[in-house]
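Worksheet: the structure to be examined is printed underneath.
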């Protein structure tokens, strides 16, 4: 199949400036990017799509999602999660390993990746656990997990409690050339099993441990030369630690979520359990500092931390409700509305943070992910930068409805997603796109 996208504003990724161009796709390859491409009359199987006023981006990459399979398919599964991803413009995702059971052995990882090959519409990658059972006592077999396909190591939801464990994980990170992505946050499991034995900090305020873990892990990264990637940064102090580490040449990268850039603890009190997340929503000062960290490059990428739960779970009391919000179908629009349109960052920077840089950090660029170029992979996202829409989680492709942005008006909309040259999502505003029914 041949697909010609005409008169788009094309962002190629990797900080390249945009251009007004046509893009010609044959099968799963971008064969030409140029103004005014003309198809020969013999192209009987060609589809021409007019993209006037639209942006064409390299497919978005979400480095932090929870698809809940195996073990919690009532919340989300690989199929529904990947549908949610393409509706949000994502063509590649990296899943966290805190499934049931956790992804802590090569066998479990291989089984998951095989399952995803059959069920996922997007390119599906996975992290593996750092410790056995994510319990914080013994390292999992990280070398074999890397061979089995892990793109990073994480004990999602739990910090690595002890210095020796984290040091050894980062030593293997350096040896294997793979990021360690600790969750520098307290968890119920950590409080119950490790807090009294962990000498890292004195607990005076709940869920305030983030900068203490980050400071330790940065020092261990300096010592081991391992690649440390800090998940969902939420505090000003943490951003300052990462900024200083980068100035000293330490191998650290970091991510932030839209909800930590936009919502405060006051919003959490108003919204209730739907806005209960870990790390929690912080103060307006933290948001201001996180935005500055996005601007100056201290924070490298934006990830959704898509964490689906059933409606019944999020209707429980604050104490009983689980942590997490969904974000795959709102992240792009939130970035446009609250960062790009106000002039905080450029569209070029947004594309880098949502596609090119996460692909680089997690070594997905070797598969052609995260860039839009001739002879490259035809993973593309088409967006209308000006289109306004109202968030209605009841219409999301995800099984879950726990969005704290329900009812918000956003500016910027994904209108089509192309994976491997196949149009897997369109919201109907672009006509003549050859949908693939079995994938939609």
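The values are calculated or read from the model by the stated rules, or taken from the named source; none is laboratory data. Given the structure is predicted, the values throughout are model-derived calculations rather than measurements. Neighbour counts are summed over all protein chains in view; Cβ atoms, including those assigned to glycine, are modelled from backbone coordinates with ideal geometry.
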Among (1) at pLDDT below 80; (2) in a loop (DSSP other than H, G, I, E, B); (3) surrounded by fewer than 19 Cβ atoms within 10 Å (Cβ to Cβ), which single condition is residue 189 missing?
-> (2)
Sole residue being under 16 Å from the mean Cα position of the chain (by Cα), over 23 Å from residue 295 (Cα atoms), buried (at least 23 other Cβ atoms within 10 Å of the Cβ) and in the same structural domain as residue 290 (by TED's automatic domain parsing), chosen from 357, 326 = 326
For region 231-314, please list each of the helices (runs of 4 or more DSSP H) lying entirely inside it that holds at least 1 residues being under 17 Å from residue 207 (Cα atoms), in contact (Cβ under 8 Å) with a residue 40 or more places away in the chain and out of contact with any helix residue (DSSP H, G or I) (no Cβ under 7 Å at 6 or more places or on another chain).
-> 258-262
Checking 109, 56, 39, 83 in turn, the sole residue that is crowded, with 22+ Cβ neighbours inside 10 Å and either in the same structural domain as residue 411 (by TED's automatic domain parsing) or in a strand (DSSP E or B) (or both) turns out to be 56
When only residues in region 138-163 that are modelled with pLDDT under 95 and surrounded by fewer than 24 Cβ atoms within 10 Å (Cβ to Cβ) count, which is nearest to the chain's Cα centre (by Cα)?
-> 157
Does residue 121 satisfy the condition of being within 30 Å of residue 1 (Cα to Cα) and part of a strand (DSSP E or B)?
-> no
Pairs only if they're at least six apart or on different chains, beta carbon under 7 angstrom, first in region 75-90 and under 22 Å from residue 350 (Cα atoms), second assigned to a helix (DSSP H, G or I); list them, first residue then second.
-> 88/331; 88/332; 89/332
Out of region 59-80, which residues are touching a helix residue (DSSP H, G or I) at 6+ places or on another chain (Cβ under 6 Å) and in a loop (DSSP other than H, G, I, E, B)?
-> 67, 69
Can residue 92 be described as at pLDDT 95 or above and either in a loop (DSSP other than H, G, I, E, B) or crowded, with 23+ Cβ neighbours inside 10 Å (or both)?
-> yes
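Go through the residues of region 308-319 one by one and say whether even a single one is assigned by TED's automatic domain parsing to the domain that holds residue 227 and under 14 Å from residue 63 (Cα atoms).
Just the residues of region 308-319 that are assigned by TED's automatic domain parsing to the domain that holds residue 227, to begin with: 308-319.
Okay, now just the ones that are also under 14 Å from residue 63 (Cα atoms), so none.
The answer is no, given that none of the residues of region 308-319 is assigned by TED's automatic domain parsing to the domain that holds residue 227 and under 14 Å from residue 63 (Cα atoms).
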Those residues that are in a loop (DSSP other than H, G, I, E, B), buried (at least 19 other Cβ atoms within 10 Å of the Cβ) and in contact with a helix residue (DSSP H, G or I) (Cβ under 8 Å, 6 or more places away or on another chain), I need them from region 205-230; list them, please.
-> 226, 227
Given (1) surrounded by fewer than 24 Cβ atoms within 10 Å (Cβ to Cβ); (2) not in a loop (DSSP other than H, G, I, E, B), residue 100 misses just (2)
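Quick one: count up the residues across region 288-303 that are within 19 Å of the chain's Cα centre (by Cα) and surrounded by 18 or more Cβ atoms within 10 Å (Cβ to Cβ).
Applying the first criterion (within 19 Å of the chain's Cα centre (by Cα)) to region 288-303 yields 290-291, 293-295, 297-303.
Retained after the next criterion (residues that are surrounded by 18 or more Cβ atoms within 10 Å (Cβ to Cβ)): 290-291, 293-294, 298-303.
Summing the residues that are within 19 Å of the chain's Cα centre (by Cα) and surrounded by 18 or more Cβ atoms within 10 Å (Cβ to Cβ) in region 288-303 gives 10.
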Select, from 71, 13, 59, 81, the only residue that is at positive phi and in contact with a strand residue (DSSP E or B) (Cβ under 8 Å, 6 or more places away or on another chain).
-> 13
